[in-house]
Structures are given as structure tokens and as C-alpha cells.
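Visitor: Below: one structure in C-alpha cells.
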Amino acid sequence: MKILIVGSGGREHALAWRLKRSPRLSEMWVAGGNAGTGQLATTVAVSPEDVPAVVKLAKKLEADLVVVGPEQPLVDGLVGRLEEAGIAAFGPTQSAARIEASKSFARQVMWDAGVPGPEYRVFHEQSAAIDFLTKHASPVVIKADGLAAGKGVALCKDPEEAVLAVKGCMEDRIFGSAGDAIVVEEWLYGTEVSVFAFSDGETLSAPVAACDYKQVYDGDQGPNTGGMGSFAPPPFWDVNLAAEITHTILMPTVERMAELGCPYRGVLYAGIILTANGPRVLEFNCRFGDPETQVIMPLLESDPVDAMLACVEGSLSETPVCWGSRPHVGVVMVSGGYPGAYETGKEISGLDPGCGRARGGDLESDTLVFHAGTANADGGSGTRVVTSGGRVLTVVGSEDTIEEARAAAYRKVETIEFENARYRSDIGDLSVGSRGRI
Ligand code: GLY
């Protein structure tokens with residue numbers, strides 16, 4: 001099976017690492033990629049966001065399967081273009097990817113399907129939004145309707161903050177056309193969890209869960225980032241919660257998408273708050289999460305090629321997907337200054353070949369190092385790796401307990417150096433926020 005992966009982050013390195021272990025894989029390429037994926041697959045300098053160029057590349061390589069990592073090419077219709085070219089692609093079509101591309105579409109789907117979520121209102125006019133908000137004193141969440149690179153969500157404690165957020169979207173247009181409409185939502189309280197399940201449009205796999213850390217500083221302080229760490233599975237995740245989320249959230253959503261004529265095929269990512277009244281959906285995404293993928297791919301016990309092809313072919317009901325339960329903790333190392341301005345080109349020391357596994361390439365290994373913003377400074381031999389982005393590496397520890405997994409991850413982090421490297425010191429500490437309990 002010849003596979004082309006599209007994307008260049010830690011998520012795509014983790015996907016490449018897991019796919020590489022499939023006996024069905026014969027050849028693998030990565031469009032975009034980084035220094036880490038370059039050690040597992042052939043890197044092709046094609047932008048993951050350039051849909052025509054990716055389709056041309058997949059045709060030239062005669063790829064049997066294209067695995068699309070990030071949301072933007074999914075939202076831009078890459079999967080449909082590949083299907084037209086006769087190439088199997090793992091990920092939702094453009095119409096199904098609206099579940100992430102339009103927050104108002106996603107809320108309508110949930111409303112129609114009876115999926116529990118916050119109270120919400122959609123506004124297309126700034127004046128109507130401000131009129132509504134000035135009459136509602138309770139905390140709200142303001143979301144730009146469209147894709148805003150993870151920055152389009154504002155948590156507003158009072159009407160003044162909410163009005164500023166609305167003006168930022170609709171008057172100052174800080175998110176461009178993504179802010180043409182906004183969704184105002186009730187602020188939900190509880191433990192946040194990311195839940196992922198494979199879907200073939202009708203059938204869902206068993207779900208897997210992870211928790212992530214979005215804010216840049218310890219104790220969930222400071223601005224939001226693309227993700228500073230993650231762990232899986234959460235200690236509160238059990239068969240009852242998995243069944244409740246499948247039956248009240250994931251399955252009704254997949255059924256409604258099929259009714260709307262846009263069956264959802266790929267991985268469905270539900271961001272969920274476990275409130276005192278039960279699980280409530282914060283948002284849906286149309287792809288694997290980052291940095292959650294770095295801690296859930298090591299848990300995938302079934303063949304990833306089988307699972308992905310079953311999504312494409314509609315045969316998930318005959319293809320069981322099993323997840324392990326060994327704790328994994330992933331610490332993201334970032335460039336100093338991130339998520340603001342940062343320098344690149346800093347040499348990274350302490351990296352091992354491959355993913356830096358400590359005990360030679362099996363799932364019992366206690367650390368893995370997944371690359372994101374890294375590049376080869378020596379033309380590809382992998383001997384000199386430098387930083388090329390804000391999020392640089394995800395260092396994953398796995399052990400019998402989450403405390404030991406966390407200790408293993410941090411031991412490895414301390415052996416890796418680059419100028420101005422930063423990381424949170426509390427990833428996997430269950431006392432931070434409410435991640436350890438419901
Ligand atoms: N972990 C958040 C995201 O992938 O969107």
C-alpha cells in the first residue's frame with residue numbers, strides 16, 4: 001500500500017510513525033513534512049494547502065491512499081478532488097468538513113440531532129449581536145463562524161468583553177470572512193476532553209479520549225496556543241462514559257450528517273465539556289487533534305491502514321478498532337516567544353534517530369519524540385536538525401501510570417536542547433485545572 005500523508009506538524013509525524021508500523025505499508029511520502037517525518041518517509045516539497053498540487057502529486061506517485069492531516073485542505077475540498085481522480089483519501093469531503101469550517105452549521109446539525117450543547121445564538125449583524133449581549137450579563141463564548149487557525153474563540157466574562165470580541169470579528173475583521181457571522185454560546189463549566197472516533201459515514205469505531213493544554217504557561221495561564229501538551233487516556237475515561245458519548249453525541253451527529261447528504265467519513269473529533277449535567281459539545285473538528293494525536297497513535301492497537309480504508313470503503317462495521325490503555329503524556333517544546341514572535345534556525349541537540357525511542361521501536365518503549373517545526377539543515381541526512389516553527393517537538397512518555405509517564409516525558413525533555421526552548425512543567429499533572437476528574 002503506497003500512502004501519501006498531507007501535513008507538516010506533530011500530528012502528521014505521529015500518523016507517519018503509526019502507519020510505518022503497518023505490515024500493509026510499502027511506500028510512504030509526506031507532502032510538507034518536517035525533519036522527523038523525513039526519517040520515516042520521503043518528503044515532498046508540496047504545500048499541504050495547495051489542493052491542485054497535492055492531487056497532481058498523488059496521481060504522479062500512484063498513491064493507493066492519501067491521509068489528510070490538517071483541516072484547511074479538507075475544508076478546501078481535497079478529498080473530493082482526490083476521489084474525482086480515482087484516489088482513495090482518508091478524511092471528510094468539503095461538505096462534511098463544514099462541521100469544523102462553520103460553527104453555525106455544526107450547531108444546527110447538533111440541534112437537529114438532539115446532541116447536547118450550550119444554549120447558542122447565531123448573528124450575521126453586529127448591531128443585533130451587541131443588542132443581545134448588552135441585555136445578557138452572564139459569561140458567554142463568542143466564536144467566529146469560520147476557520148480562524150484556532151484563534152477565533154473568545155471567552156467573555158461580562159458584556160463589555162463580549163462587545164469587544166464581537167467588534168473584533170465583525171468590525172475590525174481580525175479573522176477576515178471567518179467573522180462574517182458569529183456564534184454566541186453559553187459558557188460551559190467542567191472538565192474538557194477531546195474524543196476521537198473513526199467513521200465510515202454510517203458506523204463508528206470505538207472512541208478514544210485525550211486531554212490537551214491550550215494555554216502557554218503553567219496553571220493554564222497566558223494566551224492560547226496550538227497546544228502545549230496532552231495525555232491519554234484520561235483517568236476518568238471508562239466504557240460507560242465512552243458509551244454515553246457515542247450514543248448521545250457521536251452517533252446522532254453521524255446519522256444527521258448522512259441525512260443531510262454529506263456522510264461523515266474520516267475521524268470525527270468532538271471537543272466535549274463534562275458538565276454537572278452530563279457531556280456537552282464545545283465543538284466538532286474534522287481531523288485528528290494536535291497534540292492529542294501524539295498520545296493516541298501509540299494507543300492504536302489495530303492496523304491504521306485497515307481502519308482508514310474501512311472509513312473510505314464503508315466497511316467499518318467489519319473492521320474492529322481497538323485502543324490500548326497504557327498512559328501516555330506528551331510535552332510540547334516550543335520556541336521562546338511563541339505564540340507571539342519567535343526566532344527559527346536554532347540547532348536542536350539530544351535527538352535520537354527515528355522518533356528517539358528509548359528502547360528500540362516497540363510500543364513498550366518509554367519515550368517518543370515527534371517533530372513539528374523542525375527542518376534539516378544539512379540537505380536531509382538528519383545529522384543537523386534546526387527549529388523552523390513555534391511548536392517544535394512533542395516529547396511523549398509512556399509508563400504504567402500517568403505519573404510515571406509524565407516523569408519519563410520530562411526526563412527526555414531535559415536531554416533535548418535548543419536556544420530559547422520553552423515548555424510547560426505541569427503537563428500530565430492531574431491537579432491542574434480539573435483534568436483528573438469529572
Ligand atoms: N488540540 C486542539 C486541536 O487540535 O484543535
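The values are calculated or read from the model by the stated rules, or taken from the named source; none is laboratory data. For clarity, every value in this text was computed on a predicted model and none was experimentally measured. A quick note on method: Cβ atoms are made from the backbone with ideal geometry, for glycine too, and the neighbour counts reach across all protein chains shown. Side chains are part of the model used for accessible areas, which takes the heavy atoms of the whole protein and leaves out ligands, DNA and RNA. Shrake-Rupley method; radii C 1.70, N 1.55, O 1.52, S 1.80 Å.
Visitor: Short version: ³J(HN,Hα) in whole Hz for each residue of the stretch 55-66, in order, from phi by Karplus 6.51 cos²θ - 1.76 cosθ + 1.60 (θ = phi - 60°), x for Gly and Pro, what are they?
Guide: Result, ordered by residue: 5, 4, 5, 4, 5, 4, 7, 6, 5, 7, 8, 10 Hz.
Visitor: Beyond 25 Å, how much of the Cα-Cα pair distribution for the stretch 221-338 remains, as a whole percent? Intermediate results must be reported in sequence, preceding the final value.
Guide: On the way: 2161 of 6903 pairs.
Tail of P(r) above 25 Å: 31 percent of Cα pairs.
Visitor: Going 7 Å from the Cα of Ala377 along its beta-carbon direction, which residues of the stretch 419-436 have the amide nitrogen within less than 13 Å of the resulting point?
Guide: 419-420
Visitor: Sticking with this structure for a sec: Amide H neighbours of Gly226 under 5 Å, counting only residues 5+ apart in sequence or on other chains, H built in-plane at 1.01 Å?
Guide: none
Visitor: Please check the chain for the longest run free of GluC sites (Glu not before Pro) that are loop-located per DSSP (anything but H, G, I, E, B) and have at most 14 other Cβ atoms within 10 Å.
Guide: So the longest stretch without any such site is 172-300.
Visitor: Compute the orientation-averaged projected area for the stretch 16-71 from the convex hull of its Cα atoms and round it to one decimal in nm². Can you show the working numbers first?
Guide: Numbers: hull surface 15.5 nm².
That works out to 3.9 nm².
Visitor: Using only the Cα atoms, what convex hull volume per residue in Å³ does the stretch 85-209 have?
Guide: Numbers: hull volume 17.2 nm³, N = 125.
Expressed per residue, the convex hull around the Cα atoms of the stretch 85-209 is 138 Å³.
Visitor: Take the stretch 87-128, compute every pairwise Cα distance, and split them into 10 Å bins from 0; I just need the percent in each bin.
Guide: 24, 41, 26, 8, 2
Visitor: Right, another one. Go through the stretch 66-139 and name the trypsin sites (Lys or Arg not before Pro) that are in a DSSP coil and have 14 or fewer other Cβ atoms within 10 Å of their Cβ.
Guide: Listed in order of number, the matching sites are Lys135.
Visitor: From the Cα trace of the stretch 1-149, what convex hull volume per residue do you get, rounded to a whole Å³? Present the calculation step by step, with values, prior to reporting the outcome.
Guide: Working: hull volume 22.7 nm³, N = 149.
For the stretch 1-149, the hull spanned by Cα atoms encloses 152 Å³ per residue.
Visitor: Across the stretch 167-175, in residue order, what do the Karplus-derived ³J(HN,Hα) couplings come to in whole Hz, using 6.51 cos²θ - 1.76 cosθ + 1.60 with θ = phi - 60° and x for Gly and Pro?
Guide: 5, x, 6, 9, 9, 7, 6, 5, 10
Visitor: Modelled label-to-label distance, Glu27 and Asp400, 7 Å Cα→beta-carbon offset: nm?
Guide: 4.5
Visitor: Stretch Arg326-Gln108 to full length: gain in nm at 0.36 nm per residue minus the Cα-Cα span? Walk me through the intermediate numbers first.
Guide: Details: separation 218, 0.36 × 218 = 78.48 nm, distance 3.69 nm.
So the chain would gain 74.8 nm between Arg326 and Gln108.
Visitor: Non-local amide H neighbours of Arg424 (under 5 Å, H modeled in plane, Pro and chain starts lacking H): which ones?
Guide: Long-range HN contacts for Arg424: Val332.
Visitor: If you don't mind, another one. Compute the distance from the alpha-carbon center of the stretch 298-350 to that of the stretch 53-124, in whole Å.
Guide: 19
Visitor: For Asn277 and Glu83 in one chain, what is 0.36 nm times their gap in residues minus the Cα-Cα distance, to one decimal in nm? Write out the running numbers ahead of the final one.
Guide: On the way: separation 194, 0.36 × 194 = 69.84 nm, distance 4.19 nm.
Taking 0.36 nm per residue and subtracting the Cα distance, the gain is 65.6 nm.
Visitor: Could you look at the chain and say what percent of its accessible area is carbon and sulfur, using a 1.4 Å probe and all protein chains? Display every interim value, and only then the final one.
Guide: Details: 8200 of 17090 Å².
Solvent-exposed carbon and sulfur of the chain make up 48 percent of the total.
Visitor: Going toward the positive end of the dipole of the chain, with +1 on Lys and Arg Cβ and -1 on Asp and Glu Cβ, which of Pro118, Val413, Leu351 do you reach last?
Guide: With unit charges placed on the Cβ atoms, the residue in question is Leu351.
Visitor: Going through the stretch 116-203, which chymotrypsin sites (Phe, Trp or Tyr not before Pro) have at most 14 other Cβ atoms within 10 Å and a DSSP loop state? Mind dumping the intermediate values first?
Guide: On the way: sites: Tyr120, Phe123, Phe132, Phe175, Trp187, Tyr189, Phe196, Phe198; in loops: Phe175, Trp187, Tyr189.
Here the chymotrypsin sites (Phe, Trp or Tyr not before Pro) that fit, given the DSSP loop and packing criteria, are Trp187, Tyr189.
Visitor: Thr275's amide H: which non-local residues (gap 5+, or another chain) put their own amide H closer than 5 Å, with H modeled 1.01 Å from N in plane and none for Pro or chain starts?
Guide: Arg280
Visitor: Let me ask something else. Along the Cα→Cβ direction, 7 angstrom out, place labels at Glu171 and Ser127. What is the inter-label distance in nm?
Guide: Going from the Glu171 label point to the Ser127 one covers 1.4 nm.
Visitor: Could you derive backbone 3J(HN,Hα) for the stretch 326-343 from the dihedral phi with the Karplus parameters 6.51, -1.76 and 1.60 (θ = phi - 60°), listing whole Hz in sequence and x where the residue is Gly or Pro?
Guide: My calculation for the stretch 326-343 gives 5, x, 10, 10, x, 9, 8, 9, 10, 6, x, x, 4, x, x, 5, 8, 9 Hz in order.
Visitor: Normalised by the empirical 2.2 N^0.38 Å for globular proteins, what value does the Cα Rg of the chain take?
Guide: Details: Rg = 20.7 Å, N = 438, 2.2 N^0.38 = 22.2 Å.
So the Cα radius of gyration is 0.93 times the expected 2.2 N^0.38 Å.
Visitor: Let me ask you something else. What is the calculated FRET efficiency for Glu419 to Asp218, with r their C-beta to C-beta distance and R₀ = 25 Å, to the nearest 0.05? Walk me through the intermediate numbers first.
Guide: Values: r = 21 Å, r/R0 = 0.85.
So the FRET efficiency works out to roughly 0.75.
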